[in-house]
Structure formats: C-alpha cells, structure tokens
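The block underneath contains the structure these notes are about, expressed in structure tokens.
The values are calculated or read from the model by the stated rules, or taken from the named source; none is laboratory data. Just so it is clear, the structure is predicted and the values come from calculations on it, not from any experiment. No Cβ is skipped: glycine too gets one built from the backbone with ideal geometry, and neighbour counts run over all protein chains shown. Accessible surface areas use protein heavy atoms only, side chains included; no ligands, DNA or RNA. Shrake-Rupley method; radii C 1.70, N 1.55, O 1.52, S 1.80 Å.
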Amino acid sequence: MIRNMIGFGTGVLFGLGLAVSHMVDPGKVLGFLDFAGDWDPSLLIVMGVAVVVTFIAYRMAKGRSTPVFAELFQWPTKTAITDPRLLGGSAVFGAGWGLVGYCPGPGISSLAYFAPQTMVFVTSVVVGSGLAGFIPKARIPVVSGTP
Amino acid sequence: MENFTPISALIGGGLIGLSSAFLLILSGRTVGVSGIIAGLLPPEKGDAAWRLWFLGGLILGTGLFRVGSGDGVETLVFDATMPMIIIGGLMTGVGTRVGGGCTSGHGVCGIGRASPRSLVATLTFIAAGAVVVYINRHVLGV
C-alpha cells in the first residue's frame, strides 16, 4: 500500500516537472536535438538539475542499509559499456526520439492533453516494448566477455 | 537560443530529480519511465501495482499543471506525421527495452548514480536523435 502511494506521489512530481519545464512539448525537445539550428539548451538544464538532485539522493542512499519503506535497494547490476544491446538499443531509441520529439515519460504524462498523436505514440511504445520483451537475449550477440 | 527557458527548466528539473530521489530513498528503486512500463509487460505479481500508480500520477501531475496554467492542446507542437509517430513510438519501445532505459532511466537515474553505462547510453541516444533531426530539418528540409 505504502509503495503504491510512493509510486503515485513520485509520478505526480515527475509529471509536474515535465509539464513545468515544457518537456511535454515534442517541439521543445526537437529544439534541443537541433544542434545545427536555433538550439534550445532547456532539456540539458532539466536533465542536469535532475541528475544533481538524484546524485545527492544516491549518496544519502549509500549511507543507509535499507530504503525507508522497502527491504532492500535494487541496484542495476550490469556494468559493461561496450554491450551491443546497450548501444544498439539506445541508438534505435534515440532515432525514434529524434523522429517524434517524445521519449516515454513526456509521452505518457502528456496524455493529459488528449492529443490523438500522443495516444498513437504511447500505444506504439507499449507495443514495441512488449514485443521487445519477447526477443530472446541470446539471439543478440554479446561481444564483451562480461556476463 | 530564442526558445531557451532556463527558469522553468530549473524548476522542472528539480521536481523530476525529487521524484527519482524519493523513489530511491523510500522504495529503493532506480528506474525510469521505460523501465516502469517494461515491468508491466508482462506484469509481475507484487511488483505491478506501484508502477500503475506511478503512471497514473505521471498523467495527473501534467494534468494538474495543464488545468492550473490553462494551457490547451496547442501547447504540444508536432513536426511528425502519424506514420512517423507510429514508427518513432515502436523504435522508442524496442530501443528502450533492449538498451535498458530512456531519458529518465539512463539520463537521470543512471547518470545520477554515476554509472558509466548510463552515460554511454545517454550520449548514444542524444547523438542518434541529433542525427535524425539534422537529416529531417537540414538535409530533407521537412
């Protein structure tokens, strides 16, 4: 129950942050990705401030044995940086991001604007993510020796 | 840089940072939005409900701002046509799942915990996005 409330509260904060910073507008995001045009660095500020706050929280978490309302911290375990899944997946995502101007967070949060484009985008993301969940990991070659 | 909005970017970034900070300190999770979605496809018993609450809150948070500011749907500016949106959405779904994160997962949570892997992912998707925008706007002239 408490974990659901934390999920809800953090979701509201996230959705507010995306709306306040105009990151819900695909045009604003494309303005950031358009380095050769009239470049808009706003996204960099949003990400930079969010990273600093998260970094402080991360340092605080390191000083605790457990989270406040859960039994353990669940840290990602992979560390390889030459992982073809990481690079290939991120490149495919980035190309899709550049095509539309939406990443998953703003896509979902801006459903609040009831634009048909947003609904089509979110449906496509869910279908894509659901389908990718079926891709057997072994079929994608892992070049680095790290398990 | 006519469209640069540093003040709202600072406030919005702070709120997004607090969201990921609370999720980490209170629930012990470091996940972004694509990871929250991926964990529902398919849902795992005992680990699904909070994800739905998060996504509901995400929409409500933006909805509250929309109501408070009186912004209409014209706030969202789309360059992309519907077929491009479908292709871009599918690529986003597949790419974030295979790559293990999106702008929030790798870009905020991952870099926030100083993960080199997330920094590499973030630079990769920003570069790929920039290439596509460059081609669209400066080569094809869409």
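In Å², what does the accessible area per residue of the range B:30-140 work out to with a 1.4 Å probe?
41
Provide the per residue accessible area, probe 1.4 Å, for chain A, rounded to a whole number of square angstrom.
Value returned for chain A: 44 Å² of accessible area per residue.
Charges only on Cβ, +1 for Lys and Arg, -1 for Asp and Glu: so what's the dipole of the protein assembly as shown about the Cα centre, in debye to the nearest 20?
Dipole of the protein assembly as shown, to the nearest 20 debye: 1080 debye.
Which one, A:L13, A:L131, A:L33, has the greatest fluctuation when you compute a Gaussian network model over chain A with C-alpha springs under 10 angstrom?
Highest fluctuation among the options: A:L131.
If chain A were replaced by its equivalent ellipsoid, with semi-axes equal to the square roots of 5 times the Cα gyration tensor eigenvalues, what would those be, largest first, whole Å?
Largest first, chain A gives 26, 24, 18 Å.
Using the Karplus curve 6.51 cos²θ - 1.76 cosθ + 1.60 with θ = phi - 60°, work out ³J(HN,Hα) for each residue of the range A:77-90 in order, rounded to whole Hz, and write x for Gly and Pro.
Karplus values, whole Hz, x for Gly and Pro: 9, 6, 10, 4, 9, 9, 6, x, 5, 4, 6, x, x, 5.
Carbon-plus-sulfur fraction of the accessible area of the protein assembly as shown, 1.4 Å probe, in percent?
So the carbon and sulfur contribution to the accessible surface is 71 percent.
Could you pull out every residue, at least 5 positions away or on a different chain, whose amide H is within less than 5 Å of the one on A:D40? Hs are placed 1.01 Å off N in the peptide plane, and Pro or chain starts have none.
Close amide H contacts, sequence-distant or interchain: A:F32, A:D34.
Residue by residue through the range A:19-26, which ³J(HN,Hα) values in whole Hz follow from phi under the Karplus form 6.51 cos²θ - 1.76 cosθ + 1.60 (θ = phi - 60°), with glycine and proline marked x?
Calculated HN-Hα couplings, in order: 6, 4, 7, 6, 6, 6, 8, x Hz.
Consider all pairwise Cα distances in the range B:1-58 and report the whole-number % of them above 16 Å.
53
Work the Kirkwood hydrodynamic radius out for the protein assembly as shown: mean of 1/r over every pair of different alpha-carbon atoms, inverted, in Å.
Radius from the Kirkwood sum: 18.6 Å.
Using only the alpha carbons, work out the radius of gyration and Dmax of the range A:26-93 in angstrom.
For the range A:26-93, the Cα-based Rg and Dmax read 17.1, 49 Å.
What length, rounded to one decimal in nm, is gained on full extension from A:T123 through to A:W39, with 0.36 nm per residue of separation minus their alpha-carbon distance?
Length gained between A:T123 and A:W39: 27.3 nm.
Please give me, ordered by residue number, the trypsin sites (Lys or Arg not before Pro) of the range B:27-127 that lie in loop per DSSP and have at most 10 other Cβ atoms within 10 Å.
B:K45
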